[in-house]
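Here's the structure, in structure tokens; my notes come after.
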Amino acid sequence: MRKSVFYGTIAASALLAGAASAQSTLETVQSNGEIACGVSTGLAGFSAPDANGVWQGFDVAVCRAVAAAVLGDPMAVNFVSTTGQTRFSALASGEIDMLARNTTWTFSRDVDLNFTFAGVNYYDGQGFMVNRELGVSSAMELDGATVCIQTGTTTELNLADFFRVNGMSYEPVPIETNAEAQQQYLAGACDVYTTDASGLAATRASFPEPGNHAILPEIISKEPLGPAVRQGDDQWADIVRWTLNALIAAEELGVTSANIEELAAGTDNPEINRMLGSAGELGAMLGLENDWAVRAISAAGNYGEIFASTIGEQTPIGLARGLNAQWTQGGLLYAPPFR
Amino acid sequence: MSSTSDLRTRTAPPKTAFRLSMLLYDQRYRSITIQIVFLFALMLGIAWLVDNTINNLRALGKDFSFAFLSAPAGYDINQRPIEYDSQMTHGRAALVGLLNTAILAVMACALATVLGVIAGVLRLSNNWIVARLMTVYVELFRNIPTLVWIIIFGAIMTESMPAPSAFRGDTPTASMLFNDSVAVTNRGVYVPAIQFSNDLGNLPLGVVAPSINWLLVLVAIIVGIYAHKVILKNATAVQNATGIRPKTWWKSLGVLFGPVALLFIFFGAHLEYPELRGFNFADGIHMRNSLIAMWLGLGIYTGAFVAENVRSGILAISRGQTEAAFALGMQPGKTMRLVILPQALRVIIPPLISQYLNITKNTSLGLAVGYMDLRSTLGGISINQTGRELEGMLLMMLIYLAVSLSISGAMNVYNNRVKLKER
């Protein structure tokens, strides 16, 4: 009798646990009325709160586009700050529904950590920033340097590999957040700050005198940054993936936040019609309403508009499109067809 | 149960048949019933937790394995008490972190004890200014969280000390202290290191390979301390027999420092001074900002608590003890050493154990200033790079538990030696 009670309890708790996880992310999001989106603790241009406390930036725009596509309201996002160390636990435990925090897509994160990367929204690479006073012009001259590095990132591993392969020594100064790294670097506690080149540009833009600091020419790694979701909920992964694709395709097809209302009514281009929902049932296939892409693109514009307004050359961050131009412009952005 | 009740039948009331309701209404059985029920509830609770964990791990598609400990770590650690590079395993990285935790804990415990004893004694001083200054120290440090102190010390080191480049050039803006032997920079403090010309190499002991030279020095120190105790014992025996205590200080000095000095001469010991080379100082011992911030933060903060323990220990000894010692003609120094302290230690040691445990556990705050302790290596980077949160956290809990219990055990042995012997 005791055994049966024991097994009965186990079965009951298993059922409860099963029932709790049976709810899909889409249902959770719809019943909560907002998306919990994991972002950085503050990286200008990518994800940082503005003067009014509203989160702004390139990664934030992806969250807003997904919120607009799913819930119809780009502001229905609950932003959760995560550090390099806490982001994966937050996603795996369900504290956040998606992670949009300049996270590198790697084999082990995809396969072993059981996440699904919904694509790449920024092709990046790891770079080094030094004070011009040091007179260093190449990363190969950094033997013996003290390097500030954010712990728990791929950059930490790349750094170890780079110095090892080139037979150089260095002194790592492990740091939790970008803000602390900035403070240590400016105080001269490290000679070099290394992270993704986009992050370096964003960090440098917030310095009192950005001109005193140089980003070295060497890019020592491939860092495809993109939004990630938990593995196993393919519908939710599809929603995030195709929202990102819609933003990229919209730029390619010339759909902007200015002309989208006009184009949504129907055009001569069947692909635009399918994407924007005036023809076909693509929205229903995703489990969303048919104007999902219209709402996503209306949130902050297409990929090009988001890039230009958050990190582009007209902003203090001043990043060129480079690899992140459309494939028709010599870049790597290539959205699969909406068909 | 039946055999014991048979023995009691002579005095027990006539035996009544056992009924199930007696489990609840009979005082003889009630407490056992309650305990068994509670035990079952506890076991069910644990079973539910374990089952829930297994189910959720399965739902996430994760297994439970410690295999990651033998995979290459891939990251570098700045403070390496033992040999380590990025191609060694996560297990090795965890060991480096554990040693860093131990180094910090020992340093902070020593600092806290020294500061605490001084401040505790001085707080009882008759000098108004000294006593009040110590009160200010104790209240200031005791009432501000240790993490805040650690960050303050870290910020002081980073922000207000000169960069290594300030030591360079014909007219440097900063200079080294103590005859060019110590450099205080915003990357840490560089002090001279003792090096041996006759290096006997390392003793391979599995995972660690300590230097044979230093092992021999350690042996010499231990032998010296033991010989010193023997000399003192003999002196006491002579004193008991003849009433005259022979002079022992020169013998003690000889056995304590003689062998070590001889070894140093034999090994060709010399100081290696830090020297500015390239981006940083090289050679010497580099005490990083993170270590200094943690050491000062933990040591000075906990020192305030130790001071209160010491003060309470001394106050616990009644004034009559001092007066009795004085009446026997003892001088104040001997009174303190032979009468007050041995009794005060009984009161001081137990709370001191818990302060040492606090320091050891608080070393896990190291991540705040980037100190690579166990929490930062195994519990931080390794977990993050491998995604083994559950395994890493369990292992870390187990290690901290083992370390704390060992400290507690060792201190209890010492406590048993100084506590009141009841015969």
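The values are calculated or read from the model by the stated rules, or taken from the named source; none is laboratory data. Just so we're clear, the structure is a prediction, and the values are computed from it rather than from any experiment. When we count neighbours, we look across all protein chains shown, and the Cβ atoms used for this are built from the backbone with ideal geometry, even at glycine. To get the accessible areas, we keep the full protein, side chains included, count just its heavy atoms, and leave off ligands, DNA and RNA. Shrake-Rupley method; radii C 1.70, N 1.55, O 1.52, S 1.80 Å.
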Applied in sequence order to region A:292-304, the curve 6.51 cos²θ - 1.76 cosθ + 1.60 (Karplus, θ = phi - 60°) yields integer Hz couplings, x standing for Gly and Pro, of 4, 5, 4, 5, 5, 6, 5, 4, 9, x, 7, 3, x
In region B:187-296 the accessible area split gives carbon plus sulfur, as whole percent at 1.4 Å, a share of 71 percent
Given an 8 Å cut-off on Cα distances and at least 6 residues of separation, report the relative contact order of chain B as a percent. 21 percent
Let me see the P(r) profile for region A:271-332: every Cα-Cα distance counted, bins of 10 Å, each bin given as a percent of all pairs. 22, 34, 30, 14, 0
Label-point separation in nm, B:LYS421 to B:TRP128, each point 7 Å along Cα→Cβ: 4.6 nm
By how many nm would the segment from B:TRP214 to B:LEU315 lengthen if fully extended, with 0.36 nm per residue of separation less the alpha-carbon distance? 32.1 nm
How about region B:26-74: which of its residues lose at least 30 Å² of accessible area in the presence of all protein chains relative to their chain isolated, using a 1.4 Å probe? B:PHE40, B:LEU44, B:ALA47, B:TRP48, B:ASP51, B:ASN55, B:LEU60, B:LYS62, B:GLY74
In a GNM of chain B with a 10 Å cut-off on Cα contacts, which of B:ASP283, B:ASP170, B:ASP63 has the highest mean-square fluctuation? B:ASP170
Heavy atoms only, probe 1.4 angstrom, no DNA, RNA or ligands counted: give me B:LYS233, A:LYS222 ranked by accessible area, highest first. A:LYS222, B:LYS233
With a bin width of 10 angstrom, please list the P(r) values of region A:39-135 as percents of all Cα-Cα pairs, from the 0 bin to the one holding the largest distance. 14, 42, 31, 10, 3, 0
What residues have an amide H closer than 5 Å to that of B:VAL182, excluding those fewer than 5 places away on the same chain, when H is modeled at 1.01 Å from N in the peptide plane? B:LEU177
Please give the residues of region B:197-218, grouped as numeric ranges, whose backbone N is less than 18 Å from a label point set 7 Å along the Cα-to-Cβ vector of B:HIS270. B:197-201
Residues of region B:177-198 losing 40 Å² or more of accessible surface, assembly versus chain alone, probe 1.4 Å, please list them. B:ARG187
When 1/r is averaged over all different Cα pairs and the result inverted, which Kirkwood radius in Å belongs to region A:174-292? 18.2 Å
For region B:373-416, list whatever residues lose no less than 40 Å² of accessible surface once every protein chain is in place, relative to that chain by itself, with the probe at 1.4 Å. B:ILE381, B:ASN384, B:GLN385, B:GLU389
For region B:61-164, the Cα convex hull volume per residue in Å³ comes to 197 Å³
Where the Cα atoms of the protein assembly as shown are projected onto their three principal axes, how long is each span, largest first, in whole Å? 119, 103, 55
For region B:271-313, just run the numbers: alpha carbon Rg, then divide by 2.2 N^0.38 Å, N being how many residues it has. 1.85
So the A/B interface buries, both sides summed and with a 1.4 Å probe, an accessible area in Å² (nearest 100) of 3400 Å²
For n ≥ 4 DSSP H runs only, could you compute -39500 (n - 2.57) per run for chain B, divide by its residues and tell me the 222 nm figure to the nearest 500? -20000 deg cm²/dmol
How many Å² of accessible area per residue for the protein assembly as shown, probe 1.4 Å? 50 Å²
What's the carbon and sulfur percent of region B:37-104's accessible surface, probe 1.4 angstrom, rounded to a whole number? 71 percent
Looking at the protein assembly as shown, what % of its DSSP beta bridges pair antiparallel, to the nearest 5? 70 percent
FRET efficiency for A:SER24 and B:ALA17, Cβ-Cβ distance as r, R0 = 41 Å, nearest 0.05? 0.10
The percentage of the accessible area of region A:296-339 (probe 1.4 Å, all protein chains present) made up of carbon and sulfur atoms, to the nearest whole number, is 55 percent
Please say if region B:39-94 is rounded, prolate or oblate, where rounded means a/c under 1.5 for a ≥ b ≥ c the square roots of the C-alpha gyration tensor eigenvalues, and otherwise the choice is prolate for a/b larger than b/c and oblate otherwise? prolate
Low-density loop positions, GluC sites (Glu not before Pro), region A:253-295 - DSSP coil, at most 13 other Cβ in 10 Å: A:GLU281
With the contact rule set at Cα under 8 Å and sequence spacing of 6 or more, what percent relative contact order holds for region B:251-342? 14 percent
Between B:ALA71 and residues 5 or more places away or on another chain, the pairs with built amide H atoms under 5 Å apart involve B:HIS90, B:GLY91
Residues with beta-carbon under 13 Å from that of B:LEU133, excluding B:LEU133: net charge, scoring Lys, Arg +1 and Asp, Glu -1? +1
Please compute P(r) over all alpha-carbon pairs of chain B, binned at 20 Å starting from zero, and give each bin as a whole-number percent. 17, 43, 29, 10, 1, 0
Separation between the B:SER160 and B:ILE46 pseudo-spin-labels, each 7 Å from Cα along Cα→Cβ, expressed in nm? 5.2 nm
In terms of the Cα gyration tensor, with a ≥ b ≥ c the square roots of its eigenvalues, is region B:116-223 rounded because a/c is under 1.5, prolate because a/b exceeds b/c, or oblate? oblate
Computed over the Cα atoms of region B:279-370, the Rg and Dmax in Å are 19.7, 66
Please list the helices of chain B that count as membrane-span-like by this rule: a mean Kyte-Doolittle hydropathy of at least 0.5 together with Cα atoms stretching 24 Å or more along the helix axis, each helix being a complete DSSP H run. B:27-59, B:90-122, B:212-242, B:249-267, B:289-315, B:389-418
Each label sits 7 Å from Cα toward the beta-carbon; between A:ASP50 and B:LEU205 the label points are separated, in nm, by 6.2 nm
Which whole-number percent is the relative contact order of region B:348-423 (Cα, under 8 Å, 6+ apart)? 37 percent
If R0 is 60 Å, what FRET efficiency do you get for B:ARG28 and B:ILE103 from their C-beta distance, rounded to 0.05? 0.55
Based on a Kirkwood Rh over C-alpha pairs, give the Stokes-Einstein translational diffusion coefficient of region B:334-381 at 37 °C and viscosity 0.692 mPa s in µm²/s. 250 µm²/s
Choose one answer from B:THR386, B:THR185, B:THR33: the residue with the largest mean-square fluctuation in a GNM of chain B with alpha-carbon springs under 10 Å. B:THR33
GNM top mover of B:PRO246, B:PRO72, B:PRO172 - chain B, alpha-carbon springs below 10 Å: B:PRO246
Over 31 Å (Cα to Cα) among B:LYS251/B:LYS361; B:LYS334/B:LYS421; B:LYS229/B:LYS421; B:LYS229/B:LYS419; B:LYS233/B:LYS361 -> B:LYS251/B:LYS361; B:LYS233/B:LYS361
For the A:ALA258, B:GLU139 Cβ pair and Förster radius 51 Å, calculated FRET efficiency rounded to 0.05 is 0.20
Compute, for region B:319-423, the length of the dipole vector about the Cα centre, with Cβ point charges of +1 (Lys, Arg) and -1 (Asp, Glu) only. Units Debye, rounded to 20. 580 debye
Placed amide H near B:LEU276: partners under 5 Å, 5+ positions off or other chain: B:ALA282
